[in-house]
Amino acid sequence: MSIRPLLFAAIVFAIYALALAASAAHAGARGAPAGAGLGLASPLYITTEAAAPSSMPDSEGRVAGVATDKVRAALERAGLGYTIDLLPWKRAYAAARTRPDTCVYSTTARRNAKPCSNGSARPTARSGC
């Protein structure tokens with residue numbers, strides 16, 4: 001079995017779990033903006049790179065694709081505000097490292113990727129990558 005479907009499933013699951021946690025926290029905070037239970041004063045900033053059919057621009061310039069549909073469904077089900085932007089990988093990754101309200105989805109590990117500080121080619125919350 002290829003690692004790509006497993007990685008994709010893990011990313012969608014993580015976003016879905018975040019959305020569910022925020023939804024539960026939001027349900028207890030009546031009248032507060034979406035995401036207030038997580039300390040989110042503004043909508044989540046979701047980024048991805050162009051990688052059809054997972055994520056790509058549609059005819060109206062909006063981000064579309066199989067993965068994008070799943071991410072939108074999870075965030076809308078949780079009642080969270082969000083924006084999704086299509087960015088080059090370096091910009092998306094930089095935004096995720098510097099903005100606490102940012103997530104990057106549909107990423108893949110590449111053979112020529114530079115290792116993170118934990119020795120892995122994949123960034124994790126603990127590695128500081």
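Bear in mind that the values in this text are calculations on the coordinates, not laboratory data. Predicted model, so just to flag it, every value in this text is computed and none were measured. Backbone-built Cβ (ideal geometry, glycine too); neighbour counts: all protein chains shown.
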Problem set entry | J(HN,Hα) series, the range 66-76, from Karplus relation 6.51 cos²θ - 1.76 cosθ + 1.60, nearest Hz, glycine and proline x | 4, 5, 4, 4, 5, 5, 4, 4, 5, 5, 5
Problem set entry | Amide H contacts under 5 Å for Tyr82, placed H, 5+ residues apart | Leu44
Exercise. According to the square roots a ≥ b ≥ c of the eigenvalues of the Cα gyration tensor, what is the shape class of the range 51-105, taking rounded for a/c under 1.5, prolate for a/b larger than b/c otherwise, and oblate for the remainder?
Worked result: oblate
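Suppose R0 equals 25 Å; then what is the FRET efficiency for Asp58 and Lys90 from their Cβ-Cβ distance, rounded to the nearest 0.05?
Approximately 0.60, to the nearest 0.05.
If packing is taken as the mean number of other Cβ atoms within 10 Å per residue, what is the order of 90-99, 62-71, highest first?
Going from most to least packed, we get 62-71, 90-99.
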